[in-house]
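Nothing in this text is a laboratory measurement; each read-out follows from the coordinates by a stated rule. On a predicted model such as this, the values are computed, not experimentally measured, just so you know. Here the Cβ is made from the backbone with ideal geometry for all residues, glycine too, and neighbour counts use every protein chain on show.
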């Protein structure tokens, strides 16, 4: 499965295997494309950030986009891990305990994928805001749409962490996810 397959599943209203986490990472990847384009269209004249820096940012955005395309698939797979954990048998006490542990482990997987994607989306948002007023004004709408998509991507990923956090039982992981929720939120 690749990000194009996941996109098809996101668009399919009958499919329940992928959702907001993958869609949020996709929003971040789209933001990379838009903001990177703005960077490249802001190199002919100094709008407040030198051309070399614009190109550095465009390169960073291309790298982040590639990571987010992988992250789209990772998030979809994380849901599968959670779904499979809930399908485990629960007839005996041993099965119940194994299922309980599998669900807790799946919760970590389910919160880790969107956390990593949220970090990437937040960086894209920060780049977009850095460029605001310092890039080609003819591309202003592309820039704003880009950083708004990155904001949606970040906050959507955080919502997925919150959704999976009740499954997590490891205190150090709970703290890690809780800190990410505080540090990455964009108002």
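Screening the candidates 186, 145, 152 for the property of being closer than 19 Å to residue 23 by Cβ, in contact (Cβ under 8 Å) with a residue 40 or more places away in the chain and assigned to a loop (DSSP other than H, G, I, E, B) yields one hit, 186. Taken together, the residues in segment 164-175 that are without any contact (Cβ under 8 Å) to a residue 24 or more places away in the chain and touching a helix residue (DSSP H, G or I) at 6+ places or on another chain (Cβ under 8 Å) amount to 1. Out of everything in segment 66-103 that is in contact with a helix residue (DSSP H, G or I) (Cβ under 6 Å, 6 or more places away or on another chain) and over 29 Å from residue 2 (Cβ atoms), what residue ends up being surrounded by the most Cβ atoms within 10 Å (Cβ to Cβ)? The selected residue is 90. Residue count for segment 45-93 under the criterion of being in a loop (DSSP other than H, G, I, E, B) and closer than 20 Å to residue 125 by Cα: the result is 4. Looking only at residues of segment 1-20 that are in a loop (DSSP other than H, G, I, E, B) and without any contact (Cβ under 8 Å) to a residue 24 or more places away in the chain, we find that the one that is nearest to residue 159 (Cα to Cα) is 16.
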